[in-house]
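Colleague: Pasting a structure below so you can have a look.
Throughout, read-outs are computed from the coordinates displayed, never taken from laboratory work. All of these numbers come straight from a predicted model, not from anything done at the bench. Positions of Cβ are generated from backbone atoms using ideal geometry, with glycine treated the same way; all protein chains shown enter the neighbour counts.
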Amino acid sequence: MTYLSPNQLKQYEDEGFVSPLDVFSKEKSKEIRDEIELIEKQMPHELEKDGRYNAHLISPLLDWVTHHPSILNTVESLIGKNILVCGTTLFIKNPNIKGFVSYHQDAKYIGLEPHNWVTAWVAITDSNENNGCMRMWSGSHKENLKDHDQMFNEGNLLTRGQTVNDVPKSETTPLILKAGQMSLHHPKVVHGSDLNKSNDRRIGFVIQSYIGTNVKQVLGKNSVQLARGEDKYNYHEKIGRPNSLMNKVDLKLKKQENDNLQEIFYKGSSKKGTY
Ligand SMILES: O=C(O)CCC(=O)C(=O)O
């Protein structure tokens, strides 16, 4: 994929997201799914709960996605040519298990300022209304950060169950993606997703987020990878890319990064979520 077209840039500006964008083939998405499922099989708890973050540090295929030139071209169109990867999340919804994402704004608790950053949601399986695709409240990114209730509710895949309450759900836009496609969304667009009602898993690999080198982490410490360009600001510690699948040194780094991330996500909260 090339850079975003004027129409795609306009969609992002007006609506707070752009979708769908082609990245890789269905065959490649199957290979990636197989690698995720191999990790789950060999290390049963590695990708669960706070382990679902930063799997690109232990999986060469997720690292390949994270640094994919097609994704970076589209990201460059939005945040400029100096790009850092500040983290990734696996959003997996298994069938027959309560799993949803309450409507929220990413910028609320993530501590990345200014908002020169964007999130890429990459479909490893198809993602549609039946299996709980993301839904966007179009145009909501133009408003300020909203109040979020902290629900800590069962089945909510967000750390605090953070929820914006006044969302006109019937007017939200479903982001329907085929495996190998992605969407990009703005830090302030309100979005969420419903239950998976299908009989297969829904797997989203989310680069959360690509940040410009001018973006600081104001709530704690997290390391980054340089994805493109140069970093004249040097606000963050740099980390490397995986040595091999489930490499011991990389597993340790992932754990360390995720411990730091928990500090950021729960800053000021007296309670922790179960997910
Ligand atoms: O995967 C989902 O359903 C929600 C993901 C999400 O909230 C995000 O990528 O910011």
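Colleague: Between the stretch 1-79 and the stretch 192-211, how far is it from one alpha carbon centroid to the other, in angstrom?
Modeller: About 11 Å separates the Cα centre of the stretch 1-79 from the one of the stretch 192-211.
Colleague: Taking the Cα centre of the chain as the origin and placing charges on Cβ (Lys, Arg +1; Asp, Glu -1), which of 91, 186, 258 is farthest toward the positive end of the dipole?
Modeller: 258
Colleague: Related question: Please give the charge dipole size of the stretch 165-238, origin at the Cα centre, charges +1 on K and R Cβ atoms and -1 on D and E Cβ atoms. Round to the nearest 20 debye. Could the numbers behind the result be given before it?
Modeller: On the way: 11 positive and 7 negative charges, 29 e Å.
Dipole magnitude for the stretch 165-238 comes out near 140 debye.
Colleague: For the stretch 6-265, take the alpha-carbon Rg, divide it by the Kirkwood Rh, and send me Rg/Rh. Intermediate values should be presented prior to the final figure.
Modeller: Details: Rg = 16.9 Å, Rh = 18.3 Å.
When Rh is taken as the Kirkwood radius, the ratio is 0.93.
Colleague: Please report the relative contact order for the chain, taking Cα pairs under 8 Å with a sequence separation of at least 6, and give it as a percent rounded to a whole number.
Modeller: Working: 620 pairs, mean separation 85.4, N = 275.
Reported as a whole number, the value is 31 percent.
Colleague: Calculated FRET efficiency, residue 151 and residue 5, Cβ-Cβ r, R0 41 Å, to nearest 0.05?
Modeller: Values: r = 39 Å, r/R0 = 0.95.
Calculated transfer efficiency: 0.60.
Colleague: What percent does the relative contact order of the stretch 4-118 come to when contacts are Cα pairs within less than 8 Å and at least six residues apart?
Modeller: Numbers: 56 pairs, mean separation 26.6, N = 115.
It rounds to 23 percent for the stretch 4-118.
Colleague: Non-local amide H neighbours of residue 132 (under 5 Å, H modeled in plane, Pro and chain starts lacking H): which ones?
Modeller: Close amide H contacts, sequence-distant or interchain: 197.
Colleague: Based on the Cβ-Cβ distance of residue 50 and residue 113, what FRET efficiency does E = 1/(1 + (r/R0)^6) give at R0 = 30 Å, to the nearest 0.05? Could you put the intermediate results ahead of the total?
Modeller: Details: r = 23 Å, r/R0 = 0.77.
The computed FRET efficiency comes out at 0.80.
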